[in-house]
1. Considering amide H positions built from the backbone, and no H for Pro or chain starts, which residues 5 or more places from Tyr53, or on another chain, come under 5 Å of its amide H?
2. Among 33-45, 142-154, what's the highest-first ranking by average C-beta atoms within 10 angstrom per residue?
3. Which of rounded, prolate, oblate describes region 28-88, given a ≥ b ≥ c as roots of the alpha-carbon gyration tensor eigenvalues and a/c under 1.5 marking rounded, otherwise prolate only if a/b is larger than b/c?
4. Within 10 Å of each candidate Cβ there may be at most 16 other Cβ atoms; applying that plus a DSSP loop requirement, which trypsin sites (Lys or Arg not before Pro) in region 42-98 survive?
5. Probe radius 1.4 Å, ligands and nucleic acids left out: which of Trp59, Trp49, Trp134 has the largest accessible area, and how do the rest follow?
6. For region 86-162, rounded, prolate or oblate, judged on the Cα gyration tensor with a ≥ b ≥ c (square roots of eigenvalues), a/c < 1.5 rounded, else prolate if a/b > b/c?
7. From Cα pairs below 8 angstrom and at least 6 apart in sequence, can you work out the relative contact order of the chain, rounded to a whole percent?
8. Using a 1.4 angstrom probe with every protein chain in place, what is the largest-first accessible-area order of Arg117, Arg162?
Amino acid sequence: AAILVTPEGTPASPTGSLIGIDPKSGDTTASYRVSAHPGAITTGAGRVWLGDYRDGALWTLEPSTGELKRVTSIGSPRDLTALGGKIYVVSDTAEVFATVFTGTVARYDAVTGLRERKLDLYSCTVAGGEGVLWSMGIFGDKRLSTDPGELRIIGNVTLPYREPVSVE
């Protein structure tokens, strides 16, 4: 089943929903209340993960049982991706007096929701596939480790910028 994320509710008590949709019929199969501003979403190890940047919340859903639980986030989750039974979450730093452009990339077990490791690295987004994990941000694009040890930078890449042909 497909899962959609929609903000809903009244201005007095805003809530968001995680909605299951049957991909063949388009019918709604389930609805789960989550925080008011759901955003980033991914799936891994049979679970759905959701990040809410404004509320600084992470949620995990086991669709077969309907178990929905809030997972402690290091900061405000910007983006998430799944890779190899793990969930990688890019967050802004939660500290009250944090300097601008500070953040973390954290690795969670996709089933238990336990945070395993974190790397202090400001990033805008994260992507994973075929055993490779990338963090992209204003300080460059980094390839990150995916082994069970410390989460670390193992390479950098510079994406070429195409010069505009004209001012249009």
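The values are calculated or read from the model by the stated rules, or taken from the named source; none is laboratory data. Keep in mind it's a predicted model, so treat the numbers as computed, not measured. Cβ placement follows ideal geometry from the backbone for every residue including glycine, while neighbour counts extend to all protein chains displayed. Accessible surface is based on the protein model in full, side chains and every heavy atom, while ligands, DNA and RNA are left aside. Shrake-Rupley method; radii C 1.70, N 1.55, O 1.52, S 1.80 Å.
1. Under 5 Å from the amide H of Tyr53 lie the amide H atoms of Gly39, Ala40, each far enough along the sequence or on another chain.
2. Put in order of decreasing packing, that is 33-45, 142-154.
3. Note, shape of region 28-88 comes out oblate.
4. Answer by residue number: Arg54.
5. Largest accessible area first, the residues go Trp134, Trp59, Trp49.
6. oblate
7. Computed value for the chain: 11 percent relative contact order.
8. Arg162, Arg117
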